[in-house]
Each structure stands twice: as C-alpha cells, then as structure tokens.
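Take a look at the structure below.
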Amino acid sequence: MKIAIMGAMPEEVAPILEKVGEYKVTEYASNKYYEATYNGVELVIAYSKIGKVFSTLTATTMIEKFGCEKLLFSGVAGAVSADLKVGDLIIASSLAQHDLDITAFGHPYGYVPEGKQFIETDKSLREVAKSVASEMGVTVKEGVIVTGDQFVCDLDRKNWIESTFKADALEMEGASVACVCDSLDVPFFILRSISDAADMDASFSFDEFMISSAKTSAEFVMKMVNKLG
Ligand code: 4EZ
C-alpha cells in the first residue's frame, strides 16, 4: 500500500520529510517527489505549489506515475466557522470550489454539468483520524472545506462563502485534489490546521502562524500513517 502525502507549500511538507529522515528524490513535471518508508509504510511526499491547477497536477502524478493508492493532504487553512481558532484542526467531510461559477445558466455555485458541487472524503480515513484524535485527547472538527484560487482576506467574501456553501474553512487546493481522487477512485483525506480567519488581518496572521499550524497538521497526519500500515 503506497500512500501519497501532499501539501501545497514547502512549509507544509517540511515536518513530514523531517520525520521520515531518508528519502529518494525524483524530479518530474517541474516538481520534486520524495519517496520514503515510514514505520514500514511506503510514502510518496510532495508539495504542489499553491492553487487548484498545481495541486491537480501533483495529485494526478502521485496516483498515475507513482502508483499511490490513498492520498492524505496536510496543510493550513483560513477559518470560516467562528468556533475555529488558530492552530485548530479540521477534517474535510466534503469539499467544493467556491470560485467555480456558471450560475448564469441556472447552475449552483461550485457545480458544472457532470461534476459534483460537493465531493465527499473517504469515510474510513476519517474514522482513522477520529481514533488518532481521541488517543491524543484533542478535538478535531469535521466540516465543509471550500477551495478557490484566491487568498481570502475580506469579510464580505468570507461571509458570502459561509452562507453559500455552509463552509467551515477555506483554502486553495482541497477541492481540486478531491476532484482528482474521486475521478480516479482513490480514497483521500484532507486535513488543515487554521492559520488565520480569512479576514482583513489574514495575511499577517498567516505569516505569523503558518509554520506552527502546518506542523500541527503534519504531525497528526503522520500519526494516521502509523495506523494505515
Ligand atoms: C492555500 N493556503 C494559503 C496560501 C497562501 C501565501 C504566499 C491556505 C490558506 C488560505 N487560502 C490559509 N489561509 C487562507 C486564506 N485566508 N485563503 C485562502 O491553500 C499563500
């Protein structure tokens, strides 16, 4: 069982590479893929670069070229739900693209014909996450995460996203990775730790907390890997 672990930014996968110690680097499609074994589990680790297009490319590559049979995403996100604070963890139950809009033709936001407005994550991976959370004694929220090619730092946009998608958190890669994994029938899991509140202070909060929140998320995902071996 080969497992893909991906993030968007170097800071999101650095704590994972640190944990696995030794790895083999392969360059492909202008990116680096790190192959390692962790407690007997074969891993392929990569950060995609930010946004839906690069994350689509990386997720597809990990599955089609490296043969990954499950995918775990680890990273940071902006909080939409008021009960999510910096450092809190959120598991995506489902994901949608908040910037996909053909509503001019009567379709809902985030939907295109033959696609899905919301894509659900793998239930058994979520169960693994819940057992890790209870063993660690931490509370992990489960909810809707939405994705778009924009860093949201505006209250009006955030409120619109909350009311339109009932979203709990937002970021820039989850729904595109979900689309790839759903289409290719690969069970996937998206975990994010909050770095900011997607408001006018978001860029400052992000700069201050992204490294610590990325680490929180990465450490949790590695505890899950231990259960997947
Ligand atoms: C995108 N990621 C942020 C990339 C920021 C700075 C150079 C997560 C994220 C996010 N995305 C954290 N907070 C966010 C926000 N408020 N809006 C969108 O996945 C790049």
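If you check V76, V140 for being within 13 Å of the ligand (Cβ to nearest atom), surrounded by 17 or more Cβ atoms within 10 Å (Cβ to Cβ) and over 19 Å from S183 (Cα atoms), only one passes: V76.
Return a yes/no flag: does the range 185-196 have any residue that is within 12 Å of the ligand (Cβ to nearest atom) and either surrounded by fewer than 24 Cβ atoms within 10 Å (Cβ to Cβ) or among the acidic types (D, E) (or both).
yes
Residues in the range 115-129 that are part of a helix (DSSP H, G or I) and not polar (S, T, N, Q): K123, L125, R126, E127, V128, A129.
Scanning the range 75-114 for residues that are touching a Leu at 6+ places or on another chain (Cβ under 9 Å), part of a strand (DSSP E or B) and under 21 Å from D201 (Cα atoms) yields G75, A77, G78, A79, L89, I90. Screening the candidates D207, D168, D199, D182 for the property of being in contact (Cβ under 8 Å) with a residue 24 or more places away in the chain and within 10 Å of the ligand (Cβ to nearest atom) yields one hit, D199.
Scanning the range 46-73 for residues being within 15 Å of the ligand (Cβ to nearest atom), assigned to a loop (DSSP other than H, G, I, E, B) and surrounded by fewer than 21 Cβ atoms within 10 Å (Cβ to Cβ) gives a total of 3.
Residues being touching a helix residue (DSSP H, G or I) at 6+ places or on another chain (Cβ under 8 Å), within 16 Å of the ligand (Cβ to nearest atom) and at pLDDT 95 or above are represented in the range 99-120 by at least one member. When E18, E22 are checked against the criterion of being away from the ligand (no atom under 16 Å from the Cβ) and part of a loop (DSSP other than H, G, I, E, B), a single residue qualifies: E22. Here F151 clears all of (1) assigned to a loop (DSSP other than H, G, I, E, B); (2) surrounded by 14 or more Cβ atoms within 10 Å (Cβ to Cβ); (3) over 17 Å from the mean Cα position of the chain (by Cα) except the condition numbered (3). A single member of S203, S195 is polar (S, T, N, Q) and part of a helix (DSSP H, G or I), and it is S203.
The values are calculated or read from the model by the stated rules, or taken from the named source; none is laboratory data. Keep in mind it's a predicted model, so treat the numbers as computed, not measured. Note that each Cβ is placed from the backbone with ideal geometry, even for glycine, and that neighbours are counted across all protein chains shown.
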